[in-house]
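Each remark here refers to the structure printed beneath this line.
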Amino acid sequence: MTESTSSARPPRPATSRRQQLLDLAAEMFARRGFHGVSVTDLGAAAGISGPALYKHFPSKDAILAEMLVSISEELLSVGRARAASAAETGDVRSALAALVGWHVDFALAHKALIIVQDRDWSSLPDEAREKVRGLQRDYVDLWATTLQELQPELTLDRARATVHATFGLINSTPRSARVPDEEMRDLLAEMAMRALDAA
């Protein structure tokens, strides 16, 4: 039910220390909340002093900002690439399935980031919040316009509403992923496509 990984991005280079710190912070923020984790806590978990974190990030706010801006950029850029690759065949449904497959893969691999995005959104600095909003609008519209190509009778508002509802389904992974990832991937992809068909 999911797209082949052949259209995925090339493998990432070895994880940088900066990315390791972001991944660690995401896990800690997801467990304890942004305000429940101090710079000292992050440093201790990373095996460095709290102040040593400032070599990588100017503040804890900057960690949260980079974390949520970067995932929004990744969702949009990879989503565009996958949809465009699938659309080259002239099959719009394959493009929509490619978007679903990408988002399902992301949601299963990044449950902590989904929790942080949902719970700590209000803690984002204003500039980062506006950037994330813009990226998310573009991502929703990528899905919505693809859906409209399949269902031309849909208004843009209804297409967007359908996409948001589908995201809610897919982004349930922190609570709903109770079976092995492969099984959950197929289940979510099938349910998401049915939800989009019901628009």
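The values are calculated or read from the model by the stated rules, or taken from the named source; none is laboratory data. A quick note: this is a predicted structure, and the numbers were derived from the prediction, not measured. Using ideal geometry, Cβ is built from the backbone for each residue, glycine included, and neighbour counts are taken over all protein chains shown. Surface accessibility is based on the protein's heavy atoms, side chains included, excluding ligands, DNA and RNA. Shrake-Rupley method; radii C 1.70, N 1.55, O 1.52, S 1.80 Å.
The requirement of being modelled with pLDDT under 95, out of contact with any Leu (no Cβ under 9 Å at 6 or more places or on another chain), of a type in the set (G, A, S) and not in a helix (DSSP H, G or I) is fulfilled somewhere in region 183-199, by at least one residue. Counting only residues that are open to solvent by 80 Å² or more (accessible area, probe 1.4 Å) and modelled with pLDDT of 95 or more, how many does region 160-179 have? Total satisfying the criteria: 1. Quick check on region 147-159. Is at least one of its residues open to solvent by less than 80 Å² (accessible area, probe 1.4 Å) and among the basic types (K, R)? No, every residue in region 147-159 fails to be open to solvent by less than 80 Å² (accessible area, probe 1.4 Å) and among the basic types (K, R). Within region 48-65, residues that are over 12 Å from S38 (Cα atoms) have Cβ atoms under 6 Å from residues that are surrounded by 15 or more Cβ atoms within 10 Å (Cβ to Cβ) and of a type in the set (V, I, T) in these pairs: F57/I63, counting only partners at least 6 apart in sequence or on another chain. For region 19-54, filtering for residues that are open to solvent by 70 Å² or more (accessible area, probe 1.4 Å) and either within 14 Å of I114 (Cα to Cα) or among the charged types (D, E, K, R) (or both) leaves 4. For region 132-146, residues that are under 21 Å from D120 (Cα atoms), open to solvent by 20 Å² or more (accessible area, probe 1.4 Å) and touching a residue at least 60 places away in the same chain (Cβ under 8 Å) total 2. Out of the residues in region 159-182 that are assigned to a loop (DSSP other than H, G, I, E, B) and within 25 Å of T145 (Cβ to Cβ), which is farthest from the chain's Cα centre (by Cα)? Here the residue is S172.
Summed over region 60-86, the residues that are open to solvent by 20 Å² or more (accessible area, probe 1.4 Å) and more than 20 Å from E130 (Cα to Cα) give a count of 4. Restricting F57, F106 to residues that are part of a loop (DSSP other than H, G, I, E, B), within 16 Å of L22 (Cβ to Cβ), open to solvent by less than 20 Å² (accessible area, probe 1.4 Å) and among the aromatic types (F, W, Y) narrows the list to F57.
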